[in-house]
Amino acid sequence: MHERLLDALAKRGALADPAAAEYLARSPDPVEALERVFAKLANMPLVLTMDDILRVQGALRPSAVVGIVPMPVAPAAIPVASVPQPRLRTVGRAKDVSEDFSVVRDITGKSTCQGTLGDFSRYFANRLEAIGKLLRVRRELVGATDIARARRLTREVRFIGMVADVRTTRKGDRILEVEDATETVPVFIAQGTDLFRDAVLPDEVIGVIGRPTEKGLIIAEQIIRPDVPGGRAFPATKEAVSVAFVSDIHVGSRTFLGEKWDAFTRWMNSDDVVAKSIKYLVCAGDVVDGIGVYPRQEEELAIDDVYAQYEELARLLAAMPDHANVIVLPGNHDAVRPAEPQPALPQNVQKLFDSNTKFVGNPCTFNLHGVRILAYHGRSMDDFVYSLPGMSYARPIDTMREMLRRRHLAPVYGGKTPIAPEAEDHLVIDEVPDVFVAGHVHAVGMDEYKGVKMINASAWQSQTAYQKMHNIEPVAGRVPIMNLGTGRGTIKEF
Ligand SMILES: [Fe+2]
């Protein structure tokens, strides 16, 4: 960031979130631009956000638009010319652009946990610290104390803690047991309130604003989630190549949709301009059906050897055009440990594939031409659908939004998602991604939440016996495709 801008912020005792700082830094005189914004703000914020800038500028001029993210209106101090203008783009040809892929965060080769008691307490302490850090910059939590101190106060209290337990009283109200390193405190949420409707999951890290009672309870007035700061702009790369997302291919299953996959492969090799623009093909887990994943699975397998399943997948991926680099992460059906974070598929599987295929862990954060992509198979959707009212297998995007609000991919420990207590909680969404992709539920979706593009990447399997039993209708053979130059996406059906 511009150094003078940092100094000016420091003088005011304020911080700016990344989107606001980037926006101000782009103007010819960032300090003057900052002073103009401060002069118009009624209250001095602790962290200056794009929302503040937009509010100040709202009455001035209509906004310019970059990508699909509305950019702020230019105030008098920031000439319109300094606001990035939408560039005319044509879709690029993948073969003309060099690969630009780098892993930002991945457990592969870094796992240290052995499942000892010490591992568990260190894991939860790391989760509390990592998400606590995101909560502490929230304006509402200025002056937050630890729980031991909060319990001794008689006025309004603010604190950050992990939800050790959620229970319902006989009258139907809710009590959260919230703990930090110092103590545990019961937090009361009255039924029928908005707070009550926004359900809290066990093991999530939250901020609480409330009032203590004489009985040692805290009556919650607000529950603060770390959430995603607003006003993020898509980085819009110079190379307007595309990325296609697939998931849950389930090669080896009798219900694998080979004909649809072949139609996808034919289209990928066609002269279609979008097909020719696909530089990356991300496979978000459950790439094969596996063996012994659920009882009597063998009755539903067309290939009953897991290596033969990966060999078949390798053959299918080799038929994809050379301009598409394949990135594979594992899911709960794949041949790695089921506990998340999962490392990349083992070497004896990787060697079956050609050099066009890369293997990463689950979850994995990687950059494609500077666009930050968080890829997660999505096993925890089972816990979200089970524990959060209103969530459904048919609308995975809703679940993904709840993960972003909590800045955690799988908050519930000891539910349906097995979690390995690593020294560092790799399931915390510490940096906000530009794109968040998941699969697992065999549905499809594309939406945006506060500037983060969310994608659920469909499946290549027709209804299984398990899905029939649970009344889940899969939406298969759809491919979400995103242009890295604009952030715009489309879903193609095969
Ligand atoms: Fe799955």
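Any read-out appearing in this document is the output of simple, stated calculations on the displayed coordinates, not a laboratory observation. It should be emphasised that the depicted structure is a prediction, and the values quoted were computed from it without experimental measurement. All Cβ positions, glycine included, derive from the backbone under ideal geometry; neighbour counts span all protein chains shown.
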Using the Karplus curve 6.51 cos²θ - 1.76 cosθ + 1.60 with θ = phi - 60°, work out ³J(HN,Hα) for each residue of the range 95-109 in order, rounded to whole Hz, and write x for Gly and Pro.
6, 8, 10, 6, 5, 9, 10, 8, 7, 9, 8, 6, 6, 3, x
Residues of the range 276-315 with backbone nitrogen within less than 18 Å of a virtual label 7 Å along the Cα-to-Cβ line of residue 254, please, listed as ranges.
289-306, 309
FRET efficiency for residue 41 and residue 267, using Cβ-Cβ distance with R0 set to 51 Å, rounded to 0.05
0.50
Only Lys, Arg (+1) and Asp, Glu (-1) charged, at Cβ; the chain dipole about Cα centre in debye:
1560 debye
Please give the FRET efficiency for residue 493 paired with residue 465, using the beta carbon to beta carbon distance and R0 = 41 Å, rounded to the nearest 0.05.
0.95
Residue by residue through the range 146-159, what is 3J(HN,Hα) from phi via Karplus (6.51 cos²θ - 1.76 cosθ + 1.60, θ = phi - 60°)? Round to whole Hz and write x for glycine and proline.
7, 5, 4, 5, 4, 5, 8, 8, 10, 8, 4, 10, 9, 8
Which distance in nm do the two modelled labels at residue 392 and residue 182 give, with both placed 7 Å along the Cα-to-Cβ direction?
4.5 nm
Please give the contour-minus-distance gain from residue 291 to residue 315: 0.36 nm per residue of separation, less the Cα-Cα distance, rounded to one decimal in nm.
6.7 nm
Label 7 Å along Cα→Cβ of residue 298; the range 321-359 residues with amide nitrogen under 15 Å?
none
Residues in the range 277-311 that a label on residue 348 would reach, taking backbone N under 12 Å of a point 7 Å out along Cα→Cβ
306-308
Relative contact order of the chain, defined on C-alpha pairs under 8 angstrom at six or more residues apart (%):
17 percent
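Per 0.36 nm of contour for each residue apart, how much would the distance between residue 238 and residue 219 grow if the chain were fully extended, relative to their Cα-Cα spacing?
Extending this stretch completely gives an extra 1.7 nm.
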Test of understanding: ordering 299, 32 by Cβ neighbours within 10 Å, fewest first, what list do you get?
299, 32
